[in-house]
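Asker: Could you have a look at this structure, given as structure tokens, before my questions?
Here, each number is a calculation from the coordinates, and none is a lab measurement. Everything numeric in this text was worked out from a predicted model, so none of it was measured. Note that each Cβ is placed from the backbone with ideal geometry, even for glycine, and that neighbours are counted across all protein chains shown.
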Amino acid sequence: MQKTMRIATSCAFLGLFMSFGVAAVGDDYNVLRFGATGKGEVLDTAAIQAAIDACAEDGGGTVRFPAGAYLTGTLFLKDHVRLDLDSGACILGSPNVEDYPLMRCGFPSRTDRYTGRALLWGEGLEDIAITGRGTIDGQGALFKDNKPSGEAYEKLLGAFDDATRYRPAEAYINRPYVIRFVSCRRVLIEGIRLRNSAMWMQHYLDCDFLTIRGIDVYNHVCHNNDMMDIDCCRNVVIADCVGDTDDDALTLKSTGPRPTEHVAITNCILRSRCNAIKAGTESSGGFNDIAISNCVIQPSAADEGLYGRPEGLAGIALEIVDGGSLERVAISNVVIQGTTAPIFMRLGNRARQYKADAPAPPVGTFRDVTLNNIVATDAGATGCAIAGLPDHPIENVTLSNVRIRFLGGGTVEEIQAEVPEKEGKYPECTMFGALPAYGFYCRHVAGLTLRTIALDCDALDARPALACDDVRGLRVDGLNAQVAPDAPAVMILKATQDASITGCAAPPAPTFLKLEGPCARINTAADLTGVQSP
């Protein structure tokens with residue numbers, strides 16, 4: 001084959017807003033010139049890999065996919081290589097699992113037990129990109145029931161005999177990701193359409209300087225159909241993305257010993273049958289310095305699904321349950337339609353290890369979180385929970401300028417029902433059932449500020465708008481909430497200390513504030529003209 005012309009690369013990175021530029025001398029590395037058919041009928045894996053290898057050997061550049069369909073198994077990216085898909089180009093994942101070698105990455109994490117297969121694979125690389133106006137389709141529906149058993153499963157695990165690492169489970173091992181990049185630096189994913197993964201659509205593990213911009217994801221064909229999973233990564237920018245997924249949409253994870261930190265997310269439209277914006281559930285390394293803004297959350301457009309609910313689960317879910325810390329998180333300007341609970345925060349103690357031989361982690365920490373300018377309608381009847389553990393409170397949470405309209409319909413019996421701690425359970429906004437408040441149920445919290453909060457229901461709800469249990473340092477300033485005429489109170493405080501309630505306009509109700517248990521230092525300055533007793 002005639003040697004391709006050398007490509008000169010030029011990468012410019014300005015802070016977190018990374019750009020990826022390639023200056024070409026002559027033609028790019030067109031996969032058709034390396035023998036790819038572009039017909040989608042025979043495997044083009046060898047030809048495409050030859051183009052990638054030649055590009056890398058020449059110092060890097062762009063591997064070009066003209067319009068056409070390219071059927072392929074695993075492609076291994078190389079340093080300084082960009083895959084660029086023209087409009088009308090489609091990379092199709094092979095339907096045969098044998099075309100995806102089972103890989104074990106060098107970075108240990110709990111994802112070892114999921115799968116080691118991917119359509120596009122990169123590990124330990126620098127300056128890589130996938131860009132263009134084309135499509136990558138994993139054809140994941142073909143792998144939905146492709147689970148090995150018995151002798152076949154044990155044979156697959158021959159290279160995974162390591163007591164310190166998890167082994168891939170049967171339910172996952174034959175379901176490849178579409179993109180999996182591990183321990184890579186300076187990564188750009190831009191403009192492409194991603195479709196139909198057999199697992200998570202894209203998994204970025206232990207990566208640094210990652211930019212995902214302007215992509216369109218639809219993932220509704222298999223179990224675990226997340227939109228994207230950012231895992232133990234640093235210096236991440238996600239912007240201008242649209243996604244519709246059966247499982248969680250924009251997901252931050254920490255399945256290994258390093259935190260996911262220094263993350264900026266903005267201008268995204270997210271639809272999910274599960275959680276739209278989520279930090280967790282895996283939290284071994286924690287989440288620090290996260291800024292999320294200007295996002296729209298809606299119900300999925302898919303008619304049917306494997307997980308979740310048609311309206312979605314949580315709009316915003318922040319969870320620390322496997323150790324680690326969640327600190328310095330700011331979320332603002334989010335519009336939410338539907339979802340079971342627009343907001344869910346949980347500090348639990350599931351205590352799963354990131355390695356098979358690691359000790360169980362201690363209870364993590366959850367502190368310094370602000371949510372501002374949140375508008376939600378058609379929220380479910382469950383209510384929103386901010387729930388820590390006894391002696392392990394969630395700390396320093398501020399919600400301001402929040403307006404939520406719920407379905408309502410709650411009963412007095414739901415107020416009186418005991419809410420179990422469920423310390424070690426999987427965290428989900430439905431885990432406690434219907435909460436004792438239709439708006440916010442806050443338990444085991446130290447330092448909670450609710451400022452300019454408007455809560456309402458479509459149907460009359462007998463529960464209070466706010467219920468607090470074991471909360472210290474409560475500040476409520478400007479709560480405007482509707483309750484049913486027979487509701488016991490607008491707010492119920494139990495075992496709450498050091499509370500200041502000001503600027504609230506009380507609706508017609510028998511009681512504005514009801515105290516239960518050993519409450520102390522409760523100060524109120526509210527307009528109580530609508531209530532029969534303060």
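Asker: Long-range amide H contacts for residue 183: which residues qualify at under 5 Å (H placed 1.01 Å from N, peptide plane, sequence gap of 5 or more or a different chain)?
Answerer: The answer is 124, 205, 206, 207.
Asker: Search the structure for amide H atoms under 5 Å from the amide H of residue 478, placed 1.01 Å from N in the peptide plane, and list their residues when 5 or more places away or on another chain.
Answerer: Amide H neighbours of residue 478: 452, 502, 503, 504.
Asker: GluC sites (Glu not before Pro), restricted to region 147-212: which are DSSP loop and have at most 16 other Cβ atoms within 10 Å? Don't skip to the answer; put the middle values down first.
Answerer: Values: sites: 151, 154, 170, 190; in loops: 170.
Here the sparse-neighbourhood loop sites are 170.
Asker: Spelling out what I want: for every residue of region 140-146, take phi, set θ = phi - 60°, compute 6.51 cos²θ - 1.76 cosθ + 1.60 (Karplus), and round to whole Hz; glycine and proline get x.
Answerer: Going residue by residue, I get x, 4, 6, 10, 4, 10, 8 Hz, with x marking Gly and Pro.
Asker: To test your reading of the geometry: what angle, between 0 and 90 degrees and rounded to tens, separates the Cα axis of helix 45-57 from the longest principal axis of the chain?
Answerer: The angle comes out near 90 degrees.
Asker: Next question. Beyond 12 Å, what share of the Cα-Cα pairs of region 278-335 is found? Please give it as a whole percent. Mind showing how you got there, number by number?
Answerer: Values: 1172 of 1653 pairs.
That fraction is 71 percent.
Asker: With a ≥ b ≥ c taken as the square roots of the eigenvalues of the C-alpha gyration tensor of region 96-151, please select rounded if a/c is under 1.5 and otherwise prolate if a/b is larger than b/c or oblate if it is not? Mind dumping the intermediate values first?
Answerer: Details: a/c = 2.57, a/b = 1.22, b/c = 2.11.
Since a/c reaches 1.5 but b/c is at least a/b, the shape of region 96-151 is classed as oblate.
Asker: Still on this model: Taking Cα centroids, how far is region 236-250 from region 168-223 in Å?
Answerer: Using only Cα atoms, the two centres lie 11 Å from each other.
Asker: Within region 412-442, list the GluC sites (Glu not before Pro) lying in a DSSP loop whose Cβ has at most 12 other Cβ atoms in a 10 Å radius. List each step's numbers first, then the result.
Answerer: Values: sites: 413, 414, 418, 421, 423, 428; in loops: 418, 421, 423, 428.
Answer by residue number: 418.
Asker: Further question: Once both labels are modelled 7 Å past Cα along the beta-carbon direction, what's the residue 43-residue 498 spacing in nm?
Answerer: 6.5
Asker: Test of the criteria: in region 46-84, which trypsin sites (Lys or Arg not before Pro) are in a DSSP loop and have at most 16 other Cβ atoms within 10 angstrom of their Cβ? Display every interim value, and only then the final one.
Answerer: Working: sites: 64, 78, 82; in loops: 78.
Here no loop site has a sparse enough neighbourhood.
Asker: Work out, step by step, the length gained on full extension between residue 357 and residue 418: first 0.36 nm times the residue separation, then minus their alpha carbon distance; give nm to one decimal.
Answerer: Details: separation 61, 0.36 × 61 = 21.96 nm, distance 3.70 nm.
Length gained, residue 357 through residue 418: 18.3 nm.
Asker: Also, I was wondering about something else. In the neighborhood of residue 493, defined by Cβ-to-Cβ distances under 12 Å, what is the net charge if each Lys or Arg adds +1 and each Asp or Glu adds -1?
Answerer: Numbers: positive: 443, 472, 494, 514, 521; negative: 469, 470, 498, 516.
With Lys, Arg at +1 and Asp, Glu at -1, the neighbours total +1.
Asker: Percent antiparallel among DSSP beta bridges with both residues in the chain, to the nearest 5? Before the final figure, lay out the partial values.
Answerer: Values: 7 of 184 bridges.
Antiparallel: roughly 5 percent of the beta bridges in the chain.
Asker: Just to check I understand the Karplus step: with θ = phi - 60° and J = 6.51 cos²θ - 1.76 cosθ + 1.60, what whole-Hz values come out for region 299-308, glycine and proline as x?
Answerer: Running phi through 6.51 cos²θ - 1.76 cosθ + 1.60 with θ = phi - 60° gives x, 5, 7, 6, 6, 9, x, 8, 10, x Hz.
Asker: Mind listing the long-range amide H neighbours of residue 343? Cut-off is under 5 Å, sequence gap 5 or more, other chains count too, H placed in the peptide plane at 1.01 Å from N.
Answerer: Long-range HN contacts for residue 343: 315, 316.
Asker: Calculate for the chain the 222 nm mean residue ellipticity that helices alone would give, adding -39,500 (n - 2.57) per DSSP H run of length 4 or more and normalising by residue count, nearest 500 deg cm²/dmol.
Answerer: -1500 deg cm²/dmol
Asker: Using the Karplus curve 6.51 cos²θ - 1.76 cosθ + 1.60 with θ = phi - 60°, work out ³J(HN,Hα) for each residue of region 256-262 in order, rounded to whole Hz, and write x for Gly and Pro.
Answerer: Those phi angles translate into x, x, 10, x, 8, 8, 6 Hz.
Asker: Let me ask something additional. Express the relative contact order of region 248-392 as a whole percentage, based on alpha carbon pairs under 8 Å and six or more residues apart in sequence.
Answerer: Working: 419 pairs, mean separation 33.3, N = 145.
Relative contact order comes out at 23 percent.
Asker: Here's a follow-up. Over 31 Å between C-alpha atoms is what I'm after, so list which of 155/422; 147/253; 278/355; 278/422; 355/422 land there.
Answerer: Working: 155/422 38 Å; 147/253 25 Å; 278/355 23 Å; 278/422 20 Å; 355/422 24 Å.
Over 31 Å Cα-Cα: 155/422.
Asker: So what is the relative contact order for the chain, in percent, with contacts set as C-alpha pairs under 8 Å and at least six apart? Don't skip to the answer; put the middle values down first.
Answerer: Values: 1761 pairs, mean separation 37.8, N = 534.
Reported relative contact order: 7 percent.
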